[in-house]
């Protein structure tokens, strides 16, 4: 059985998808771009600011689902410029300080709203 998760503390979905879905003891969080929840606009700033906003959005969704970043088991990071990898890593490391999740990082040609980064996560409940 699945349960859709939604919170107003993270950006609303900008398409026909759920912020997250709980199934089989796991929380599957849709890819988040650096939208400010209150405005629906991309956070102002560089790749570090965008990465921090994405991770804050993921944190809020996981909290609403009764989980946390500490329970993350897998993430996928999408970058429009792979040369930002080390800068994203620096921010990412502040959010995953102990037992970080498995991860994939890929470069993509474009992201919604011209975001520089998108991250999705799978977490245990």
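For segment 65-125, what percent of Cα pairs sit more than 18 Å apart?
36 percent
Tell me the mean residue ellipticity at 222 nm calculated for the chain from its helices only (DSSP H runs of n ≥ 4, each -39500 (n - 2.57), averaged over every residue, nearest 500).
After summing the helix terms and dividing by residue count, I get -7500 deg cm²/dmol.
Below 8 Å between Cα atoms, with a sequence gap of 6+, how large is the relative contact order for the chain in percent?
Dividing the mean separation by the residue count of the chain yields 32 percent.
Could you work out Rg/(2.2 N^0.38 Å) for the chain, with Rg from alpha carbons only?
Dividing the Cα Rg of the chain by 2.2 N^0.38 Å gives 0.97.
We did not get these values from a lab; they are worked out from the coordinates using the rules stated. Please read these numbers as outputs of a predicted model, since none were measured by experiment.
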